[in-house]
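A.B. asks: Quick one: this structure, given as structure tokens, is what I'll be asking you about.
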Amino acid sequence: MRLTLVGEQQQKSQYSLVFDEDDKGEAPKGHDEGTEAPPATDTSERPADDENLMEMVCEPANIQAALKHVCRNKGAPGADGMAVEDLPAHLETHWPAIRGRLLAGTHRPQPVRRVEIPKPGGGVRKLGIPTALDRLIQQAVLQVLQPRWDGTFSDNSFGFRPGRSAHQAVARAQSYIEQGLGYVVDLDLEKFFDKVNHDILMSLVAKRESDKRLLKLIRSFLTAGIMEDGLVTRNEEGTPQGGPLSPILSNVMLDVLDKELESRKLHFVRYADDCNIYVRSLRAGERVMDSIKSFLQGKHARYLNKINDRTIFMHAGSARQGRWELTKKLKLKVNPEKSAVGKPSKRKFLGFSFQVIRDTVKRRLAPKTIERYKERIRDITGRNRGISLAKMTVELARYINGWRGYFGFCETPSVLRRLEQWTRRRFRLVAWKQWKTGRRRFTELANRGAPPALAAPAAGSSLGPWRISRSLPLHIALDNATLAKLGLPSLLEHLPSA
């Protein structure tokens, strides 16, 4: 896709979209669901006047990068039903009018489409899917704001930031434990993305940027409404997950918490709304938990000092010369059921836990992570699914490769080895079920190398499939090398480096 400017020297410029064949929505490489978005495109030259941010948003190079990103990510249609594949043609016809509304501050986003996806631990996560056009505009805004804001966020914040990852957050937590901080204050914000106060969030955004058109546009995205079952309802709070702007706005909101924790010189790690604070004793952890609850839910005597267009949070007692303003309470609630103070080995952070082995802190899989892995493998290898082994292997490979790419960061290969053995046993169980009759089972075992003296008793055995899956003839017929040739991945291969 190429975006060219027609009549660039004229006062009223128009854009023309020209598409190349190699730019048609290609699937992203190495970017799975739930991982950080790609780094936003940095603009080397910025206007001195922050009032011109909407002009930066509408620049040809920025719109081109945003369109390319949205097309690559694909995604489901929004409330208007427009597919991402239809967006380029729509822009060819309507971009001048859209640009005019953006620069005039009159663009009105459409409601987001409500989608519910199951959470691994039960319940559902509510997503808000913007229209393809609104996704493009949000991405274009993100690409302008992220380079300006990212440097102001805490070094202990890792979620949805360029060049940062969940693995880095887990490694930072591990380093704190290695320093002797043996207790963790595990904070879980109750329905954070659904409960963000719009007025507080916009006041924090306004401290960072002054272009009124941009502020109006961001607020209009927050209040666009939600379409569910054909009905549109107003949303007076929350930043619906699903749009490109939601992650960075959540970081703006929670940066207040980060600065508070930094001012107290606490050791913490935050990834989106998951925050862990590491202390040396249980008593200290309980004190921190109580004070942070008060900070999040009540008024707090913190101040803002705007210096060089960057918001810096400071103690009221260390006031300097400058313009000071009392912040409002965040109105966020800590989930008492999921928040606690305890040993890191008893809590989980981003799917991992920690254990001390010979005075060395090791990353390990949290028990719930192992449970969820087994639940998913059971779903794929269900005895009565009625799919071929080949199709089942493709599904297994897709899931295992993605799971290994993230959870392979653990430092307990023995656990991975046991999970791998269990997964192979599930595969052999399904194969045994699909062979059905004793005659076919004997034939399959014999053809795959099992001696007839072993194959015959196994084929006629009355043992159940799970017990027979451990038998020697089935292991000979479907040994590890054979399963690898069939396409079943290993959990111990190509692990990410620690």
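A.B. asks: Under the rule of at least 5 residues apart or a separate chain, name every residue whose amide H is placed under 5 Å from the amide H of S210.
C.D. replies: Amide H neighbours of S210, under 5 Å, 5+ apart: none.
A.B. asks: Where a Cα-Cα gap under 19 Å defines reach, which lysines qualify for K331, not counting those fewer than 8 residues away within the same chain?
C.D. replies: Within the straight-line limit of under 19 Å, K331 reaches these lysines: K191, K195, K207, K259, K293, K299.
A.B. asks: Can you sort D359, D194, D155 by solvent-accessible area, 1.4 Å probe, largest first?
C.D. replies: D359, D155, D194
A.B. asks: So between R398 and A284, what do we pick up on full extension, going 0.36 nm a residue minus the alpha carbon distance?
C.D. replies: 36.6 nm
A.B. asks: What is the distance in Å between the Cα centroid of region 48-126 and that of region 207-280?
C.D. replies: Taking the Cα centre of region 207-280 as reference, the centre of region 48-126 is 18 Å away.
A.B. asks: Return the FRET efficiency for the residue pair S220, K74: r is the Cβ-Cβ distance, R0 is 25 Å, and the value is rounded to the nearest 0.05.
C.D. replies: 0.50
A.B. asks: Using a 1.4 Å probe on the protein chains only, how many percent of the accessible area of region 66-105 belongs to carbon and sulfur?
C.D. replies: Carbon-and-sulfur percentage of accessible area, whole number: 50.
A.B. asks: Per 10 Å bin, what percent of the C-alpha pairs of region 98-240 does each bin hold, from zero upward?
C.D. replies: Answer for region 98-240: a P(r) of 9, 30, 35, 19, 6, 1 percent.
A.B. asks: At most 13 other Cβ atoms within 10 Å and a DSSP loop assignment: could you name the GluC sites (Glu not before Pro) in region 179-240 that fit?
C.D. replies: E236
A.B. asks: Can you pull out the trypsin sites (Lys or Arg not before Pro) in region 215-286 whose DSSP state is coil and whose Cβ has at most 12 other Cβ atoms within 10 Å?
C.D. replies: Passing sites in region 215-286 are R234, K265.
A.B. asks: Still on this structure, I have one more. So what J values fall out for region 101-106 if you push phi through Karplus, 6.51 cos²θ - 1.76 cosθ + 1.60 with θ = phi - 60°, rounded to Hz, Gly and Pro as x?
C.D. replies: 5, 5, 6, 8, x, 10
A.B. asks: Filter the trypsin sites (Lys or Arg not before Pro) in region 447-477 down to the DSSP loop ones having no more than 16 other Cβ atoms within 10 Å, then list what survives.
C.D. replies: Sites meeting the loop and neighbour criteria: R448, R470.
A.B. asks: What is the Cα centroid distance between region 152-174 and region 412-426, reported in whole angstrom?
C.D. replies: That distance is 29 Å.
A.B. asks: May I ask for the net charge around H475, where only other residues with Cβ less than 11 Å from the Cβ of H475 are counted and Lys, Arg are +1 while Asp, Glu are -1?
C.D. replies: My count for the surroundings of H475 gives +4.
A.B. asks: Taking 0.36 nm per intervening residue step and subtracting the Cα-Cα distance, what contour gain separates V232 from D194 on full extension?
C.D. replies: Going from the current span to full extension adds 12.0 nm.
The values are calculated or read from the model by the stated rules, or taken from the named source; none is laboratory data. All values reported here derive from a predicted model rather than from experimental measurement. Every residue, glycine as well, gets a Cβ built from its backbone with ideal geometry; the counts of neighbours run over all protein chains shown. Calculation scope for accessible area: heavy atoms of the full protein, side chains included, ligands and nucleic acids excluded. Shrake-Rupley method; radii C 1.70, N 1.55, O 1.52, S 1.80 Å.
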